[in-house]
Structures are given as C-alpha cells and as structure tokens.
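The structure that follows is given in the form of structure tokens.
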Amino acid sequence: MTPTLVEGPRGARSLKRSLARAERRKKLRAFALVLPLIVFILLFFVAPIAGMLERSFVDTDLMEAWPETAAAVKAFDWAKSEGVPDESVFAALGPELVSSYEAKSVAGVARRLNYDLSGARSLVMTTARKLSRLDGAPASWRAAILEIEPGWGKPDTWAAIRGASGPFTGFFLLQTIDRQRDAHDNIVPVSPDRAIYLTIYGRTFVIALTVTLLCLAIGFPIAFLLSGLPENKANILMILVLLPFWTPLLVRTAAWVVVLQEHGLVNQILQLLHLTDGPVRLVYNRAGVIIAMTHVLLPFMILPLYAVMRTVPPEYMRAARSLGAPPFTAFRRVYIPQIMPGIAAGSILVFIIAVGYYITPALVGGAADQMVSYYIAFYTTDTVNWGLAAALGAGLLAATLVLYTIYTRLVGGIRGVM
Amino acid sequence: MSGAVTTTEKAWRVVLYVVSIAGFVFLVAPILAIVPLSFNGGQFLTYPLRGLSLRWYEDFFFSGTWMFSIRNSLIIGVAAAFLASFLGALAAIGLWLAEFPGKRFIGAFLLAPMIVPIVIYSVGLYFYFAPWNLTASFAGLILAHAVLGTPFVVITVSATLSGFDRTLIRAGLGLGASPIRVARSIVFPLIAPGVIFGGLFAFSVSLEEVITVLLIGGPNQRTLPREMFSGIRENISPTIAAAATIMIALAILLLVSAELLRRRSMRLQAKR
C-alpha cells in the first residue's frame, strides 16, 4: 500500500464531503430566509383558517352543558327503541336541564338544537324552566318531562340530540348539501323549505362561470390587439387595463352603482338612443352583479392572456397561412393551441376570485344574488351559527384549493403567476 | 379568391378594433364617469351637472369621519406594507438562493393568502383573534393585511431576482467583501425596485381591503373603504364620489410609481 493509493480516494472523499456540507449549509441558509414568512403565514393565516374549519365538525355545546346526558345518549341502545329512550337517558337529562338552566348554559344547547329542529329552542327552554320549579326529584324523570312537554316523546327530538351529542358532528356539513340524519340515522334530504344551500352553491357557481366567460369574451380581443402592437404603443394602451386594476374595489363598485342606477348614465344613454322607453333596472339585481364583477375581474383575464400571446411568434401563423390554411383554420388550429395555457390560467384565476366574491354582490346585488361568501359572513356575525358558517367555508375553501392546484400545475410555481 | 380572403381579414380586423375599443370603454368609462359627479353643484349623482362646486370635497375634508378613516387606512396600510415587504423580500431571496426540498410546494403555500377567499380568512381571524384581544385593534388589522400583502411582495421580488446576475455575488465575495457587505451594496440596490414595487402592491391591497375590516375591525378602525362600504350601502351621496375621486387619484399615483419602478429595474438589468 503506497501513501498515494490511500490518500487519493480519501482526499477525494473528504473533498466531496466538504462540498456536500457547504451545499447543505447554503440550503439551510436559504431556507432560514424563507422561514420567518412560513412561520408568519402558519401563525396568522393557516391557524385561523384551521380553527374556523374545526367548527364545521367539532360540536361540543351540548356535551359541555349536559355531559351526563351526552354519555347516556351514547350508551343507550337505539336499535331496540322506537327512537325515544327510556328512563336511563331521561334521568340524566332532567337534573342537567335544571342545572344548566341555573348556570344559564342551557341557551347555547337550545340554540344548537334549534339549528336542527325548529321549535327545539322553546321545547328545551320551557322544559328547563318548568323543571327547575319542581320541588325535589320526581319519581320518574321520563314521565315528568313528557308531561311538561310531549315533544320529548318524538323521535325527531332525539335524533337532533343524538346528532348534537358530540364531540364530532356531520350535521353542519350535511346541512350545506341540504341533507340531514333522520331518526334512524339515515342520510335523507331536508324538507324543501330548509333546502337552500345547494341553491346558494349553484348560484355562486353560475355567477362565477358567467363572469369568467364574459371576461374571456371581452378580454380575448383586447389582449390579442395589444399583443399585435409594438411594445411602446401596447404599454400606453395597457394603462387603460391597469388603471381599473389599481383602482380600489370599493371605488369601482361605487362607480357602477352610480352609473347603473335608475337615472344613471347607462339608462340615460339607452333612452337617448331610444333603445328603451323607460329606465331599465340594472342595479340591485343579477345584471348589476355580473356587470360589476366582470369589470372588476377583467384585468385578471387580460394580463395572463397578454403575457402568453406576446410569446407566440407570428411566423407560425404566417407559415400556416402560406401552407394554404384559411385564416380561421390557421387561427383555430395553430394560434389557439399555443395560447391555451394563457386562456386556462386566466379563466381559472378569474373563476377562483369570482367564486369567493362578497363585496360586489353585497353592494350591487339583491337578496337573491348573494353568493356563498355572503352567507359565511352572515352566519358568523348576524345569526351566530358558527358551525354552519364554518361548513360553508369548508366547501368554498375545498373548491378554491382544488382549482388553485390545477392552476399552479398549469402555470408552474411563482414565476408563472405574473 | 385571395381578394375575398383579405376582405374577410379586414372585416375581422375591424371587428377586433371595435370590440376592443368597446372593451376599453367598459374598463375605463365607469371610473371616469364618477369623477365629474364629485364636482356637481346639485345633490344627486346624475348628469347633467348642476353647476360646479367643491362642496362635496369640503364635506369630505371637514366632516371628521372621512379624515379619521383616511388616518386609519394610512396607519394600517403603511405598517402592513412594511411588514409584508420585509418578510416577503427575505422569503423571495431565500427561494431564489438555493434549491431545497419542497421548494415548489413552499412557493405555492406562500401564495395561498392571495387565493383563499378573504371571507374565509376573516371569519377565521374573527375567532382566532378574540382570545388575544386582537379583534377591534390596529395590531390585528395590520397583521391581517400584512398576510394578504406578502404574496404580492414575494411575486414582485422573485420577478426582479429572476433577472439578477448571480455572478455579481460571486464577484463581490471573491473580491473579499463580507456576505453582509455583498447583500447591502450589491443585492439590495438591485432588488430595491422590486421590493418597493411589492410594498406598493401590499399597500394598495390594504387600502382596498374591506372584508377583514368589516369582520374584525372595531369602530375605531373604520378605514376609508369601510366608510365607503357603509356609504354605498346606506346612502350613496356625492361625498362618496369625492372620496372615490381621491382614491382614483391615489391609484394613478401608485400606478405611475409602479411603472417608473418597473422601468428603473429594467434599465438596471439592461446595464449589467
């Protein structure tokens, strides 16, 4: 063994090792720069959203106010009953109705049960009030409670209690697809007067799709025209696209309310041109929502379309034409395939933003034009049905994330977004 | 035959121009239409104008509520933009410096605040901030708006960095400069336009954000868009048109500064 033979590979190996170490250190250093933002986003973006989503399936109102009842409901053998339990459950319920009435926690349970079964609020509150006036425990809680309120003998009441007995529930998520569990634990459609959520989802989808298609129809010619112009001219015209883009949303919404109102500019022009006799209703309805949203989202279509169209060399179209393709065929079979990524990216981007829209429909639309986002805010602040707000949010978020994943596949990472 | 083809082509070009011009009018006209109405002497938001007057601007500047809302918007917007620029620029530099596992995913993850519907985020904050006493506070809104602004900073700084010549860093280090010196005298001046551009973007995001303010802002945090929201909803008056005109002027200012920054950074890149 000569020293060179030993030292050669070893030297190479240690060089390789120190190179790898330097490379690893470089990676770590780079990652350390990204880390603060990752932590910031986790702490102030992901955590709040995760906390909200949790409310869509975690349901502990009843469990916390009536722990014994929740346990008894779970222990009871429902298969052998007619949907109404025996004394074992009533004996847990009675004292807890009284104690929760005194601790004032009964209102939360009553509200929660009322989400599921209308009339449950007064049923619970009346029973609790009357029971707390009794002197001493009755011989049979079941008899006593049923005497106060016969509603406790209905399977529906108990189906609601079982659904709310926690700690997890599918109630809110099922409700957002207009479904519920019946007394036999089967998933069934809710009664038609409560089945409103699929309509809301459907409406949201239709509005977003209409706006996307309109943006494509208006944005395509604009982007096409801009891409064919010399760069300095295109940049000047681009200002007309960027000005609305930089103008705050509220300003644009206010502008549309003003322009579209009964005596607004659009109606004046329509009447001047004798297109209509009287004023047309264009605001506080679906037409207004679609017009204003298309305006707000149009730049999001034009910018990616333009970015892709600029990269298409004109030679291909010329080649197609010189090889004898009629203009429309050349356009359809040579040009469109090349800008397809731009069309897809712009459309998905507009659709994603449109699906979550809140402000514009709230200000320009009527009651029948509100989208999912409106109801999420409404159930959070106005009716305080947080579980339902969270469940609707979960549906909207899932749709958004699926679309976003497709979008990033199409445009690829950070570079492609601008 | 070829004559017929060119005629149809000409016809298509005419159609293209007509449709595009209509599109441009659709984009700009409503925004411009509200401007003259803010100088209307009458009290309705309709044409023709009944004389010119600055009374609505007087109302805007001397009513107290609007100035209060501007103050709030500036506090929240500037603080959020600084926070977003700092965190976003660092992250963009990190993403650019080296390849590491999951980089693509991290990139997409950092852009998520731009994509997730703001209502969902705001409702999340509504619950999340309550135990920390951050609802109805400036700190809470600054944090929320900074989160919403960071993706724009990451994007603009990444775009600037993609045109950055890495050999400059090696040259600086090779000539004996410390990494900090290299960062300060080489990297920062070159990416500064991108960072400022991103900061302006983050500021404008904050300046137009109203859903977070509706859900987690208190009466002391009423911002300019929040005030406009109530105004449009309850009683749309010419003062709204005055407020809108001022915000349009601000938007033009931002647009011009952004364009100047873009030109500057393009010049810097062309020079190397």
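The values are calculated or read from the model by the stated rules, or taken from the named source; none is laboratory data. None of the values given here were measured: they were computed from a predicted structure. All Cβ positions, glycine included, derive from the backbone under ideal geometry; neighbour counts span all protein chains shown.
Inspect the range B:70-81 for any residue being within 11 Å of another protein chain (Cβ to nearest Cβ), surrounded by 13 or more Cβ atoms within 10 Å (Cβ to Cβ), within 30 Å of residue B:169 (Cα to Cα) and at pLDDT 95 or above and give the result as yes or no.
no
With the condition kept exactly as written, say whether any residue in the range A:309-329 is closer than 30 Å to residue A:172 by Cβ and crowded, with 17+ Cβ neighbours inside 10 Å.
no
Now for a different question. When you check residue B:42 against the structure, is it buried (at least 19 other Cβ atoms within 10 Å of the Cβ) and within 13 Å of chain A (Cβ to nearest Cβ), yes or no?
no
Take residue B:210 and tell me if it is buried (at least 22 other Cβ atoms within 10 Å of the Cβ), within 21 Å of residue B:139 (Cβ to Cβ) and under 9 Å from the mean Cα position of the chain (by Cα).
No: the conditions fail for residue B:210.
Something else about it: Does residue B:231 meet the test of being away from chain A (no Cβ under 11 Å), out of contact with any Asp or Glu (no Cβ under 6 Å at 6 or more places or on another chain) and touching a residue at least 12 places away in the same chain (Cβ under 8 Å)?
No.
Could you check residue A:188 against (1) assigned by TED's automatic domain parsing to the domain that holds residue A:339; (2) of a type in the set (Val, Ile, Thr); (3) exposed (fewer than 15 other Cβ atoms within 10 Å of the Cβ) and say which number it fails?
Answer for residue A:188: the failing condition is (1).
What's the number of the only condition in (1) within 13 Å of chain B (Cβ to nearest Cβ); (2) surrounded by fewer than 19 Cβ atoms within 10 Å (Cβ to Cβ) that residue A:255 fails to meet?
Exception for residue A:255: condition (2).
Does the range A:177-190 contain any residue that is closer than 30 Å to residue A:299 by Cβ and either of a type in the set (D, E, K, R) or without any contact (Cβ under 8 Å) to a residue 24 or more places away in the chain (or both)?
no
Identify, from the list A:240, A:216, A:226, A:249, the residue that is in contact with a Pro (Cβ under 9 Å, 6 or more places away or on another chain), aliphatic (A, V, I, L, M) and within 12 Å of another protein chain (Cβ to nearest Cβ).
A:249
Kindly list the number of the only condition in (1) of a type outside the set (Lys, Arg); (2) assigned to a helix (DSSP H, G or I); (3) at the interface with another protein chain (Cβ under 7 Å from one of its Cβ atoms) that fails for residue B:236.
Status for residue B:236: all satisfied but (2).
Something else: Go through A:305, A:298 for me and flag whichever is crowded, with 23+ Cβ neighbours inside 10 Å, closer than 18 Å to residue B:33 by Cβ and in contact (Cβ under 8 Å) with a residue 24 or more places away in the chain.
None of the other options fit; the residue is A:298.
Let me ask something else. State whether the residues of the range A:147-158 include one that is over 20 Å from residue A:75 (Cα atoms) and touching a residue at least 60 places away in the same chain (Cβ under 8 Å).
Within the range A:147-158, not a single residue is over 20 Å from residue A:75 (Cα atoms) and touching a residue at least 60 places away in the same chain (Cβ under 8 Å).
Under 8 Å between Cβ atoms, which residue pairs at least 6 apart in sequence (or on different chains) link something in the range B:90-107 that is within 7 Å of another protein chain (Cβ to nearest Cβ) and in contact (Cβ under 8 Å) with a residue 12 or more places away in the chain with a partner that is part of a loop (DSSP other than H, G, I, E, B) and crowded, with 19+ Cβ neighbours inside 10 Å?
B:95/A:414; B:107/A:414
Quick one: what pairs do we get from the range A:35-49, first residue surrounded by fewer than 17 Cβ atoms within 10 Å (Cβ to Cβ), second in a helix (DSSP H, G or I) and of a type in the set (Ser, Thr, Tyr), C-beta under 9 Å, 6+ apart or different chains?
Pairs found: A:47/B:128.
Residue B:70: in contact (Cβ under 8 Å) with a residue 40 or more places away in the chain and either assigned to a helix (DSSP H, G or I) or more than 24 Å from the chain's Cα centre (by Cα) (or both), yes or no?
Here the answer is yes, as residue B:70 does meet what is asked.
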